[in-house]
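The values are calculated or read from the model by the stated rules, or taken from the named source; none is laboratory data. Note that the structure is a prediction, hence the values are computed from the model and not measured. Quick reminder, even Gly has a Cβ in these numbers, built from the backbone with ideal geometry, and neighbours come from all protein chains shown. Accessible surface areas use protein heavy atoms only, side chains included; no ligands, DNA or RNA. Shrake-Rupley method; radii C 1.70, N 1.55, O 1.52, S 1.80 Å.
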Amino acid sequence: GCVLVVSVIEQLAQWHNSTVKAAVERLCNYIPGKYQVMCHMLCCIARKMNADVVCHSLKLCKQDPGQPLCHLYPPPKVHQLWELMHPSSFIFVPLQKSFMGFSSICAFPLLANLCEKIKYVLRNKLPFEDFDGDKFSTFPTLRGYHWRGRDCNDKNTTVYPGRRPDNWDAKSDSNCNGIWGVDPKDGIPYEEKFCKGSGSRGVVLLGDSAGAHFHIPPEWMTVTQMSAKSFANLPMAFSNELDWPQFSEMTGFLNSTIGGWTDSLYLRLRKRNRCNHRDLQNISQNGGSSGNLLDLIKSLARNQLLDNPAIVIYATIGNDVCNGNRDTLAHMTTPKEMLSNVVQALRYLDSRLPNGSHVILTGLVDGRFLWDNLHDRYHPLGQLNGDVTYSQIYSFLDCLQVSPCSGWLTPNETLRNLTSERALQLSNVLKEIARSEKFTNFDIFYMDFPLRQTAEEWHKMGGEPWQLIEPVDGFHPSQIAAALGTSITWQKALHEWPQALGKENPFNEQIEAVFKDQGGH
């Protein structure tokens, strides 16, 4: 983190032909007010210098005994090192004291309860603001309605998205789909008239950072485009764990502000049947795998007796083979472990999902696509000076043992092939589960992760393969990839398992017309 920030500061100074101190002040002015405290915890660097050296000098980076020295840039020459050792190179603030103070902020008695609540939310992936405890919120971030359908009454635990209507919602909107009241022409409740027998269903994603739609805006690191506007979304991004589920492939519902466009399984189901409005849950986490999903799945909000069926997408597309360990192969999920983890998850779903639900198991991605299309391209940090490629970023992260995937983000072709081989083995486990396992409340389908089809479709549109990968982390699917993936998944579902999607609601236009007249519920 230090190396990235110092790199940006130095490039800002270069681009604006200013001192480094002025560049620090410029960056701090770009960052929204309450987040500027992070800037004031940094020291001001008085001269341009190597980011690796700066961060080691500040003791924010270190070399453990017996471990290699991790650096992003080449080591400085002797004369540069002499300059760096000069006392005027740094204007120090008490860094260690500042960071120690920040880390112990939760010791302050008035903040202790708040800190515990935040820890609970982070641990259990439940909404921070949920006054009635129904796992739905009126607040967007902190696991709020960007992740789950927006609650329409946060003071009533029986009112939430996805439930079957209470008395056909004649008097109030119990399922938050905006359809309620009685048609004055015939006295029939609108929910009964428009939604009865329509096969209403929700979308639930059980996934990882790809499903949560992890994204670090490239304009945070590209000094030629940087301005105060670049960081306007920083508070929202931080409070969503650097995820953007509101634009994601399965549960996205807002127009994308991070490039590309939004298309999602939820939006298509909503278009197919307007009664499905707001019935979505994105139960994903960064680092999600078949193992830790067994805890995450407990945050699912579905009542077998009161709620509509759901389509559940189980998609841990990489983390069962991806880790940052030096002996990465030894830490990958085995086929036996995968079988056990997934069957346990399905049994839990069978005890929670209403009858008539559907589960789609998604195979793992072939991550060789990443190295093949990015390794010799310049990372956003390297575009100004042509000095940092994705290969260098991957090696730096791997050295620090924080690589998102040591098996794929490596120049070692043999290791990349072995990682893909294990991914295929785990996908075959999922395929066999879908073929052989039977459950009471849902049927199961399998689909391969549609990377090849996505790349082919994007090529037909005139795009380049590298545009399908997130530019800053060089690992996750981009917004374009997410939108194209939705289209491919939808077409496969229509042809192979249309029963999972439900039928077209013939009353969609009437629903829109009636409720637009009533103020657009």
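If the condition is being open to solvent by 10 Å² or more (accessible area, probe 1.4 Å) and either in the same structural domain as Leu234 (by the TED database) or part of a helix (DSSP H, G or I) (or both), then the stretch 12-23 contributes Gln14, Trp15, His16, Lys21, Ala22. The set of residues from the stretch 123-167 being under 21 Å from Gly287 (Cα atoms) and either at pLDDT 95 or above or in contact with a Phe, Trp or Tyr (Cβ under 9 Å, 6 or more places away or on another chain) (or both) comprises Lys125, Leu126, Pro127, Phe128, Thr141, Leu142, Arg143, Gly144, His146, Trp147, Arg148. How many residues are open to solvent by 30 Å² or more (accessible area, probe 1.4 Å) and not in a loop (DSSP other than H, G, I, E, B) when one looks only at the stretch 351-390? Within the stretch 351-390, residues that are open to solvent by 30 Å² or more (accessible area, probe 1.4 Å) and not in a loop (DSSP other than H, G, I, E, B) number 5. Selection of first residues in the stretch 304-332 that are farther than 12 Å from Val204 by Cα and without any contact (Cβ under 8 Å) to a residue 24 or more places away in the chain and of second residues that are open to solvent by 10 Å² or more (accessible area, probe 1.4 Å) and not charged (D, E, K, R), restricted to Cβ pairs under 7 Å at least 6 apart or on distinct chains, gives the following pairs, ordered by first then second residue: His331/Asn323; His331/Asn325. Report whether or not Pro217 is open to solvent by less than 10 Å² (accessible area, probe 1.4 Å), touching a residue at least 24 places away in the same chain (Cβ under 8 Å) and in the same structural domain as Glu504 (by the TED database). Judged against the criteria, Pro217 is a match. Among the residues of the stretch 87-96, is any at pLDDT 85 or above, open to solvent by 70 Å² or more (accessible area, probe 1.4 Å) and not in a loop (DSSP other than H, G, I, E, B)? Scanning the stretch 87-96 turns up no residue that is at pLDDT 85 or above, open to solvent by 70 Å² or more (accessible area, probe 1.4 Å) and not in a loop (DSSP other than H, G, I, E, B).
Just one residue in the set Tyr446, Tyr394 is open to solvent by 20 Å² or more (accessible area, probe 1.4 Å) and among the hydroxyl-bearing types (Ser, Thr, Tyr); that residue is Tyr446. Checking the stated criteria, Ile216 turns out to be over 17 Å from Asn282 (Cα atoms), part of a loop (DSSP other than H, G, I, E, B) and touching a Leu at 6+ places or on another chain (Cβ under 8 Å).
Here the helices (runs of 4 or more DSSP H) wholly within the stretch 223-322 that include at least 1 residues being open to solvent by 40 Å² or more (accessible area, probe 1.4 Å) and within 21 Å of Cys176 (Cβ to Cβ) are 265-272.
Looking at the stretch 168-198, which of its residues are within 22 Å of Leu267 (Cβ to Cβ) and among the small types (Gly, Ala, Ser)? If the condition is that a residue be within 22 Å of Leu267 (Cβ to Cβ) and among the small types (Gly, Ala, Ser), then Gly178, Ser198 are the ones that fit. Residues that are part of a helix (DSSP H, G or I), surrounded by fewer than 19 Cβ atoms within 10 Å (Cβ to Cβ) and either of a type in the set (A, V, I, L, M) or out of contact with any helix residue (DSSP H, G or I) (no Cβ under 9 Å at 6 or more places or on another chain) (or both) within the stretch 493-508 comprise Leu494, His495, Glu496, Pro498, Gln499, listed in sequence order.
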